[in-house]
Every structure is written in C-alpha cells, then in structure tokens.
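The values are calculated or read from the model by the stated rules, or taken from the named source; none is laboratory data. Since the model is a prediction, treat every value here as computed from it, not as a measurement. Neighbour counts are summed over all protein chains in view; Cβ atoms, including those assigned to glycine, are modelled from backbone coordinates with ideal geometry. All accessible areas refer to the heavy atoms of the entire protein, side chains included, with ligands and DNA or RNA removed. Shrake-Rupley method; radii C 1.70, N 1.55, O 1.52, S 1.80 Å.
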Amino acid sequence: MNDLSPAALPRVTYSNIKEDFSGVHAHFGGVIADVRARLLGQDRPNHIGGRDSLDGAPYEAPCPIDRRLSLGRFFAAGPAEVDAAVTAARAAGPDWRKSGWQRRIGLAYKAADLLEARKFEVAAACLLEVGKSRMEALGEVEEAIDLIRFYAAEMEANDGYGKPLARANPREETLDVMRPFGVFAVIAPFNFPVALSLGMSICALIAGNSVVFKPSPMAGLTGRLLSDCLIEAGLPDGVFNLVCGGSETGAALVAHPGIDGIAFTGSHAVGMAIMRGFGVGGAHAKPVLAEMGGKNPTYVGASADLDTAVSGVLRSAFGLQGQKCSASSVVFLHEALAEDFVARLAAAAEALVVGDPAERETFMGPLISEATFDRFAKSIAAASAAGARVLGGQVLSGGLYDHGRYVRPAIITGLPDDHALHRDELFMPFLTVKTFRDLGEAIARGNAVPYGLTAGVYTNEPTELEQFLDTAEAGVLYANRASGATTGAWPGIQTFCGWKGSGTGSKGGLGSWYLPQFMREQSHTIMR
Ligand code: UN1
C-alpha cells in the first residue's frame, strides 16, 4: 500500500536506478490506465494566435504499443496555417520582447509548476505515445521540469545577460545587451517529446523570442499537453504557437520568411539541410541551433569492472529501444575480456522484458514505426550476409506483439571493421561489437565517424581514463557509469553538445551556454 501523496513520491531520474520506486509504480500504474481511458482518441487542435484551431489536414496517430488504438486526431498545418502561426508570433513579438526577462521567467516557473503538478499524466501520455518504459517516461518529464527551472535560473543568475562596459570618457554610458532574434521555429523529434520540446521552446521564450513549435507527427499528444502548460501559465496570445504535422509542415515553417531562427533536434540529414537552406541560403545568415544524430562509442578496457560496464552498455544501447541520439551503438572491447563481456551482455539482453511499457517490468517497448522496423530487419539481414554473428534480434509475435513492432535487442559480433553498420546512425536496438588491443587505437577508430555526440569508457587505469578524456571526439563523455555508458545527461549536471556532424554549434543544451544562443548581442553607447 502506498499512502504517500503523489507529490511526496521520490523523483525518477535517468541515474537513480537502484532506488525503491514501489510507491511510484503503484501510483503510476493507475495514472496510465486513467490516461489510456481518458486522453486517447480525441481531437487535438493546433494553437495559433491564442486560439485552438482545427484547420489543416486531419490525421490519426496510432499508438505504437497497440496500433489498433488511436492517440488522437491531429491537424497537419499547411502553408496557410503555418503562415497564420508565424504572423501571430510576429505580431506578439515586440510586446513580449519589451515585457522583460523577469516577467518571462516568472511565466516559465509557472509552466514548470503546472508540468510538475501533471507529471504523472504527461509521463503516461509519453509512455503511450512513443512506447517508453515507465522509468524512461517519468525521468523525461522530471528532466523537462528541471530544464525549465534551470534555464530560468540561468537568466536570473546572469541578470538577463546585460552588463555595463568600460567608458571611454565619463560622459559616456556603455551597455552590452542581449536581445531576442524575433520568431523562433522549434522543431522537435519523437524520442524525447517532452524534454527536448520544452528545452528548446523555453530558451527561445525566456530570451524574448516568440515561438512556433512543431512536435513530431508521432508525438502530437505530448506536444499538446506541454503546450497547455505554457498556455495556461499565461503566455500572451501569439507568443507560443503549436502547429502539428510532418515533413511538409516542417518544410513550410523552414521556408517561411518570417522565421528568424530555428531550434532543431533530429537527424543529421535534416539538420544539415536546414543549415544550408535556412541558415546560409538567404540574404543573410540566420541562427540554426541543431542537435543531430550520433554513433556513440563505448570503450571497455582490460581493467574495467565488468558488471558496471555490462549494466551501462545495456541501458544505453537498448533503453527506449535504442532510439536515442545518445544511444551507445558500437562497443569496443579489449581482446582479453571480449568473449566474457559479450556472453554476459547477451545474457543480460536476453533477460530484458520486451512488451507493453505500461507494465512495471518492461524495459523495452515497441519500435516507434514501420520504417524503424524495416531498417532493423534489413540491418540484421545485412549483418548476417556480411558473415557477422547476430545475438538476439528476433521479431516477436503473438498477442500484443501482433499489434506493434516488437523485437529483441540485437548484438552483432564479427562484422568487418569498415562495415557501414558500424558507422551509420541506426536509431534502434542494434549494438555492434569491435575488439581492440590498444585503447588509443580504438579511440581513433571510434572517432572516425562523422558524428561526435557522446562516448563512454570503462577502465580502472588512470592513464586510460586520461587518454579517453583527452582524445575522444564527442561533446559528452562518461566514465565508469552503471546507469548509462553514453546516455542520461541531466540539466545542470551534464551539458549536451554535439561535436562534428552531431550539432551545429560548440555550445550545447543542459548547460550555461545554451540560452544566450537564442539572443543576439547589441552594444549601446549613449553620451550624457
Ligand atoms: C537524445 O539522446 O535523443 O542524455 C537526447 C540523454 C537524454 C536525452 C538526449 N538527456 O540521454
């Protein structure tokens, strides 16, 4: 029996994996059932200029857990609806900009409080919408709440980023001020539909931009629920607009001349296309803040603690079915422990429960889409054809398995070193294994991909740790972590920055340098 109020239950994060969450489970189980009964299958309007709108092309989004269930009916915004949203955002912009950062962070804190009050409900929606496990879904909503508060606190701590500068003569007043760009488009992926959407949106808003937000077409329900928190917090009409839809809506948004900046999280190909077109294709450069894909390596040295390494790799390779840009997708094993490690990892992977994420014991839910399933099936076939050994990777059938795409995690050994499966981002529960004798040489092989998002190491040799920290080409490095080899970055604790093909800038999310990127600098010199 759990007699704690929901607010008194312990917080789930990505790294407190050993805590007792029995009270959380008892409460959350009831909320999931309630959300399934109450919140699915409804019309979910867009929100444009302070009003809900059913304009646009209606589409049903299926629940990936059971495709017979509809998450709801959404309305794909075409060029006319996108134009209405951008026009509303432009109209609301000047007052929002002038309202001052103190007022804006006040509203952000209010939105965080609203999300906190609804966290179980939003996490249940997230679980049902993208097939996240209970812990991943709850952790994500907590991450989103912390993101809002973290960025609001950063604005406060930096006094809005304005500061007086030196004076060339006593009659001169000089100021350095940071100002918003205008209207930001926020284009979010399905895999962290709450945290990534809110992280990007709240920075744009706190900085004084107005926003047109497009969630993934597979995540319109959480997109709407988080929008409700912002709207109900009291953002003025037009400051925050929600437009649902797929790539056509995204293209209309990116092509709209009224957009001044874009915050994007998604694939490398789309991010680079936005950079080339929107970013530098017009009369002047415009800001594109993009977090893109990853092919994140984990290195396991001869001195590593194997239990810790197996736990960390398992969680990062297969959590959320491997559909994270931070997922560990290639592991480099020292020859001396490779066989032992693979045997232990395969046994642990086989023991993972794959099924309905609403169930407490489930670690892996369904793949998000048919496209991901096709990629999985083709990759397994390609690995076998190349002479590799495939451990796991079975397609599951019978019962619920017939109504979604459920697969067992796959571990691939013996793939030729230069095979594309070691190099391409796959975004699915598919881990390739390489072996090494010398860590420096392994890191060079791990660096030899176009990406550079996260990397992990397991070693008890201080010189190896130093070598890893010095030479791994990625923005987020982890060592000896049981909760995740390459995943689980948290606001204010890790920063999240994509190097090379994984990002467009050198200043990532979750840290202090992200928010200022939503503003441009202006120098004021006034003679008195
Ligand atoms: C992603 O991996 O797609 O570090 C985003 C993590 C989370 C999510 C990152 N904060 O794993």
Original post:
What is the antiparallel percent of DSSP beta bridges lying wholly in region 297-491, to the nearest 5?
Top reply: 20
Original post:
In the chain, what % of DSSP beta bridges are antiparallel (nearest 5)?
Top reply: 45
**OP:** Residues in region 500-528, backbone N under 19 Å from the label point at ALA168 (7 Å along the Cα-to-beta-carbon vector): list them, ranges by number please.
**Re:** 522-528
**OP:** Using a 10 Å cut-off on Cβ atoms, rank the peptides 452-464, 163-175 from the highest mean neighbour count down.
**Re:** 452-464, 163-175
**OP:** For ASP340 paired with SER523, estimate the spin-label separation in nm (one decimal), with each label point 7 Å from Cα along the Cα-to-Cβ line.
**Re:** 6.2
**OP:** In whole Hz, with x marking every Gly and Pro, tabulate ³J(HN,Hα) for region 313-322 from phi via Karplus 6.51 cos²θ - 1.76 cosθ + 1.60, θ = phi - 60°.
**Re:** 5, 4, 5, 7, 7, 10, x, 6, 6, x
**OP:** Would you mind calculating the gained length between HIS419 and SER22 on full extension (0.36 nm times residue separation, minus the Cα-Cα distance), in nm to one decimal?
**Re:** 138.5 nm
**OP:** Give the angle, between 0 and 90 degrees and rounded to the nearest 10, that separates the Cα long axis of helix 335-351 from the longest principal axis of the Cα atoms of the chain.
**Re:** 80
**OP:** Using the structure shown, list the pairs from LYS98/LYS507; LYS132/LYS378; LYS132/LYS434; LYS286/LYS507 with a Cα-Cα distance above 19 Å, or answer none.
**Re:** LYS98/LYS507; LYS132/LYS378; LYS132/LYS434
Subject >> Cross-link partners of LYS119 among aspartates and glutamates (Cα-Cα below 16 Å; sequence separation of 8 or more within a chain) >> reply: ASP34, GLU129, GLU136, GLU140, GLU142, GLU143, ASP146, ASP228, GLU232
Subject >> Packing rank of 310-317, 340-347, where each peptide gets the mean count of other beta carbons within 10 Å, highest leading >> reply: 310-317, 340-347
Subject >> Under Karplus coefficients 6.51, -1.76 and 1.60, residue-wise ³J(HN,Hα) of region 436-444 in Hz, glycine/proline x >> reply: 8, 10, 10, 4, x, 5, 5, 5, 4
Original post:
Once every DSSP H run of n ≥ 4 in the chain is given -39500 (n - 2.57) and the sum is divided by its residues, what mean residue ellipticity at 222 nm do you get, rounded to the nearest 500 deg cm²/dmol?
Top reply: -12000 deg cm²/dmol
Subject >> Gain upon complete extension [ASN158, SER70; 0.36 nm per residue less C-alpha separation] >> reply: 27.2 nm
**OP:** Subtracting the Cα-Cα distance from 0.36 nm times the residue separation, let me have the gained length for SER247 to TYR401 in nm, one decimal.
**Re:** 52.6 nm
Original post:
Separation between the SER384 and SER512 pseudo-spin-labels, each 7 Å from Cα along Cα→Cβ, expressed in nm?
Top reply: 5.3
Original post:
Compactness ratio of region 95-239: Cα Rg over 2.2 N^0.38 Å, N = residue count?
Top reply: 1.18
Original post:
Between ALA255 and GLU441, how many nm apart are label points set 7 Å from Cα along the C-beta direction?
Top reply: 5.2
Original post:
When the C-alpha atoms of the chain are aligned to their principal axes, what extent does each axis show, in angstrom, from largest down?
Top reply: 74, 58, 49
**OP:** Using only Cα atoms, tell me the angle between helix 370-385 and the longest principal axis of the chain; keep it within 0 to 90° and round to the nearest 10.
**Re:** 40
Original post:
Which of the peptides 91-103, 186-198 is most tightly packed, and how do the rest follow, going by the mean number of other Cβ atoms within 10 Å of each residue?
Top reply: 186-198, 91-103
Original post:
If only Cα atoms are counted, what is the Rg of region 321-471, and what is its Dmax, in Å?
Top reply: 16.2, 51
Subject >> Solvent-accessible area of LYS378 with every protein chain in place, 1.4 Å probe, in Å² to the nearest 10 >> reply: 140
**OP:** First check a/c for region 175-291, with a ≥ b ≥ c the square roots of the eigenvalues of its C-alpha gyration tensor; if it is under 1.5, answer rounded, and if not, answer prolate when a/b is larger than b/c or oblate otherwise.
**Re:** oblate
Original post:
On a 0 to 90 degree scale, rounded to 10, what angle separates helix 195-206 from the longest Cα axis of the chain?
Top reply: 20
